[in-house]
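The values are calculated or read from the model by the stated rules, or taken from the named source; none is laboratory data. Since this is a predicted model, take the numbers as computed values, not measurements. With ideal geometry, Cβ positions are generated from the backbone for all residues, glycine too; neighbour counts draw on all protein chains shown. Quick note on the areas: whole protein, heavy atoms, side chains included, nothing else; ligands and nucleic acids left out. Shrake-Rupley method; radii C 1.70, N 1.55, O 1.52, S 1.80 Å.
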Amino acid sequence: MTTLITGGAGYIGSITSRLIRSTGRAVVVLDTLENGHRKAVGDAPFVQGDIADTELVERVCREHQVDEVVHFAAYKAVGESMENPAKYFQNNVTGSQKLFDALSRVGVNRVVFSSTAGIYGTPEVVPVTEQAEPRCESVYAETKLMIEKTLQWYSRTTNMRHVSLRYFNAAGAATDGTLGEDWRFSQNLIPHVMKAVMGASPALTVFGNDFPTPDGTGVRDYIHVEDLATAHVAALEYLRNNGDSVTCNVGTGFGTSVMEIIHATERVTGKNVPYTVAGRRAGDPAECYADTQRIQQLFGWSPTRSLDDIIASAFAWHSSHPLGHDS
Ligand code: WQD
């Protein structure tokens, strides 16, 4: 049987796809290549297409004997989602609805969904548990919450079961240096730190150092992308063993500040990270990091890689792939 991986040509999708294959599962990747890269798919079976193309999805599921899905495909730029909400609701929400409709029709009933801690917005309490009230502060986050809710209704009305994984801050690259994110299109901290330490940008801009945190800079939960991948494998196993639908945080359970990331990068690389301090970025909470009890208890999963592993793998990847997979 085969695992369908939507968005499997992307940063997290490609690393997860390769790990799933390494467990002996067959996969088939469905990706428009609008943001993903064909090279990232490697020699995995690949179909270029859209999750909203229900006939294509049904055909791929039948031809490849798909019996489970990991659903990554989505637009994920927070800022863009606020400038072009229609693009995000159409692609992420309507596209996912059409995907689930097609899966339901061909009897594929196990889905692992790529959600985000972004739905917590500015959490009242940290660490954040899954019971925290969603407080979406972007269209992007709202689309992810809407898809979670769609899956919950499919669970109540059909045989479909799912695991929604709320990612905290995915970072780092494949330890073997062959897969990683394309820093040309990322607004996230770690790629920006890598550009500064490698001289690809004049300096890192630190968005605010007046937060109510130990060193005044923003605190987040940075999880190695390979630990994120193992969480998906654990979620698939849980569903294969008839686990009930559930939503889980995926993080380390620890908060790390921007300054701590800068210092870790200087320690690991032996190079200086030039930076300047600017005002806070709109919508940035002071702190957001995960309570991970549920995923640890349900799946027996926990992260194994350190912050230094994140920094070292990101540095190796960006050093050898300044143009992502176009390098
Ligand atoms: C992290 C920290 C910034 C860049 C976002 C999305 C979330 C998820 C992960 C998809 C903050 C600071 C950043 C920079 C900085 N994406 N920073 N200088 O905002 O926590 O989460 O990405 O699922 O949905 O919201 O991540 O990496 O942008 O910021 O000082 O150049 O680094 O202020 O404190 P964020 P981030």
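Per this entry, Ala196 is not counted among residues that are touching a residue at least 12 places away in the same chain (Cβ under 8 Å), surrounded by 20 or more Cβ atoms within 10 Å (Cβ to Cβ) and touching a helix residue (DSSP H, G or I) at 6+ places or on another chain (Cβ under 6 Å).
Inside the stretch 235-262, residues that are loosely packed, with under 14 Cβ neighbours inside 10 Å and on the phi < 0 side of the Ramachandran plot make up a count of 3. Enumerate the pairs (first residue in the stretch 201-213 and in the same structural domain as Arg281 (by TED's automatic domain parsing); second residue anywhere and acidic (Asp, Glu) and surrounded by fewer than 16 Cβ atoms within 10 Å (Cβ to Cβ)) with beta-carbon separation below 9 Å, excluding pairs fewer than 6 apart on the same chain, so at least 6 apart or on different chains. Matching pairs, first to second residue: Phe207/Asp284; Gly208/Asp284; Asn209/Asp215; Phe211/Asp284.
The residues of the stretch 128-140 that are away from the ligand (no atom under 12 Å from the Cβ) and open to solvent by 40 Å² or more (accessible area, probe 1.4 Å), listed by number, are Thr129, Gln131, Glu133, Pro134, Arg135. Within the stretch 28-35, does at least one residue satisfy the condition of being buried (at least 16 other Cβ atoms within 10 Å of the Cβ), among the charged types (D, E, K, R), modelled with pLDDT of 95 or more and within 17 Å of Val57 (Cβ to Cβ)? Looking through the stretch 28-35, at least one residue is buried (at least 16 other Cβ atoms within 10 Å of the Cβ), among the charged types (D, E, K, R), modelled with pLDDT of 95 or more and within 17 Å of Val57 (Cβ to Cβ). Contact map, the stretch 316-327: first residue under 8 Å from Asp182 (Cα atoms) and among the acidic types (Asp, Glu), second residue part of a loop (DSSP other than H, G, I, E, B) and open to solvent by 50 Å² or more (accessible area, probe 1.4 Å), Cβ cut-off under 6 Å, separation 6 or more or different chains; the map is empty.
Filtering Thr23, Thr6 for residues that are modelled with pLDDT of 95 or more and within 15 Å of Gly95 (Cβ to Cβ) leaves a single hit, Thr6.
Scanning the stretch 90-127 for residues that are within 16 Å of the ligand (Cβ to nearest atom) and either under 20 Å from Arg156 (Cβ atoms) or without any contact (Cβ under 8 Å) to a residue 60 or more places away in the chain (or both) yields Asn91, Asn92, Val93, Ser96, Val112, Phe113, Ser115, Thr116, Gly118, Ile119.
Can you spot a residue in the stretch 116-139 that is within 20 Å of Asp53 (Cα to Cα) and among the basic types (Lys, Arg)? Within the stretch 116-139 (the criterion being within 20 Å of Asp53 (Cα to Cα) and among the basic types (Lys, Arg)), the answer is no, since none of the residues qualifies.
One residue stands out among those in the stretch 143-170 that are more than 16 Å from the ligand (Cβ to nearest atom) and among the hydrophobic types (A, V, I, L, M, F, W, C): the one that is farthest from Thr16 (Cα to Cα), which is Trp153. Just one of the listed residues (Leu189, Leu204) is within 13 Å of the ligand (Cβ to nearest atom), under 30 Å from Phe299 (Cα atoms) and surrounded by fewer than 23 Cβ atoms within 10 Å (Cβ to Cβ), and it is Leu189. The residue of the stretch 214-234 that is nearest to Ser114 (Cα to Cα), among those that are open to solvent by 20 Å² or more (accessible area, probe 1.4 Å) and within 12 Å of the ligand (Cβ to nearest atom), is Tyr222.
For Phe211, the stated conditions hold: it is part of a loop (DSSP other than H, G, I, E, B) and within 14 Å of the ligand (Cβ to nearest atom).
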